[in-house]
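Here is the structure we will look at, set down as structure tokens.
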């Protein structure tokens, strides 16, 4: 499994992904080449193209056929991508209306370190008011006039309600909810303690319900807001030795999908956005206890800055989406559709390294 994650974030995978997106399956490229082969376009470019093709051991008709296939595949891919974007945004062509960043108020759970801290800093720089909810103290040097810290155990609904009321008094009703808080600890299914099993599901899963129940009603009332669920590529590929973590992230994906449908049909608030983020392994305190094992497996860790940048830039787009970081890891979302024998090979390969991890 480590190898699968490593391949997904390797330089080769990133190069292949870039070539696929910008050249091979780009209909603008294949279409332009077809036009040149048809004798249309600048004569100088036509001559250059024919000079290049003269060194390729295929006749022109075969090359044209290949380009036509690539053009068609690229066109279908782009149309499919646009349809997915439109469907996730209630068939709205552009970004959601009514956003004014200095007037927006963000809740960031787990915002005292790691990805959450990076998100907080970037929102604050944009002028957004940020309320950080965390059991871990917020670094005083990072406090700003538009950033307030509320020491909160978000697994306690009473404590969450108390902090939420204080946020409303200090800032107003939040319009952005970043459900970022998370915990993990490598353990097999039989070895995990009941105490930690309860903790990880409370923090990584149940808290999505409690925070949304607390902050979504005001967003629905205004038909304005954005709920961002921070998940993981483990939503798609279970980790032997991390069944608890993988289960919570698969749950986060199910929660996100149901939430979007309920907001649209049950609450009639089409301008309330929902997004889910699936990063590959990130170098945060969350993985400190077993990072050395992942290093041996060739995992190239994402930085918190990279992930925070991608998340915040996505929020600024004012669109709902499913975002996989990096893009070269997108193929991991297809693993569930693989034949069972292939999935079993992947899980078996991961399980062989269990003694090192737990």
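Rounded to the nearest 0.05, what FRET efficiency is calculated for residue 317 and residue 54 with R0 set to 45 Å and r the Cβ-Cβ distance? The pair residue 317/residue 54 has a calculated efficiency of 0.50.
Separation of region 20-54 and region 83-140, taken as the distance between their Cα centroids, equals 43 angstrom. Helix 27-37 versus the longest principal axis of the chain: what angle, 0 to 90°, nearest 10, using Cα atoms? On a 0 to 90 degree scale, this one is about 10. Mean-square fluctuations from a GNM of the chain, with a 10 angstrom spring cutoff on Cα atoms, peak among 87, 106, 250 at 87.
Can you pull the semi-axes for region 55-198, root of five times each eigenvalue of the Cα gyration tensor, sorted largest first, whole Å?
Numbers: eigenvalues 404, 121, 49 Å².
The answer is 45, 25, 16 Å, longest axis first.
Here region 189-224 is scanned for amide nitrogen atoms under 13 Å from the site 7 Å beyond the Cα of residue 90 along Cα-to-Cβ, giving 219-224.
Annotation for residue 337 and residue 144: the two label points, set 7 Å from Cα along the Cα-Cβ direction, are 4.1 nm apart. For the chain, the Kirkwood hydrodynamic radius from C-alpha pairs, put into Stokes-Einstein at 25 °C and a viscosity of 0.890 mPa s, yields a diffusion coefficient of 109 µm² per second. Only residues of region 319-339 count here: report those whose backbone N is under 19 Å from the spot 7 Å along Cα→Cβ of residue 29, or say none. It comes to 327-331, nothing else.
Compared with the dominant principal axis of the Cα atoms in the chain, helix 43-53 is inclined by about 90°. Multiplying the residue separation of residue 38 and residue 73 by 0.36 nm and removing their Cα-Cα distance gives an extension gain of 10.6 nm. The helix-only estimate of mean residue ellipticity at 222 nm for the chain, built from DSSP H runs of length n ≥ 4 each weighted as -39500 (n - 2.57), is -15500 deg cm²/dmol after division by the residue total.
So if the hydrodynamic radius of region 209-285 is defined as the Kirkwood radius over C-alpha pairs, what does Stokes-Einstein give as its diffusion coefficient at 4 °C and 1.567 mPa s, in µm² per second? The partial results should precede the final answer.
On the way: Rh = 13.4 Å.
Roughly 96 µm²/s, to the nearest whole number.
Among 137, 165, 59, the largest mean-square fluctuation in a Gaussian network model of the chain (Cα springs under 10 Å) belongs to 59. Largest GNM mean-square fluctuation among 226, 50, 278, using the chain with Cα springs under 10 Å: 50. FRET efficiency for the pair residue 222 and residue 261, taken as 1/(1 + (r/R0)^6) with r the Cβ-Cβ distance and R0 = 25 Å, rounds to 0.80. Helix 157-170 axis versus longest C-alpha principal axis of the chain: approximately 80°, rounded to the nearest ten. With the highest mean first, a sort of the peptides 181-188, 25-32 on other beta-carbon atoms found within 10 angstrom per residue produces 181-188, 25-32.
Every number here is computed from the coordinates shown, using simple stated rules; none is lab data. Treat the numbers as computed from the prediction; the structure is a model and nothing was measured. Note that we place each Cβ from the backbone using ideal geometry, even for glycine, and neighbour counts take in every protein chain shown.
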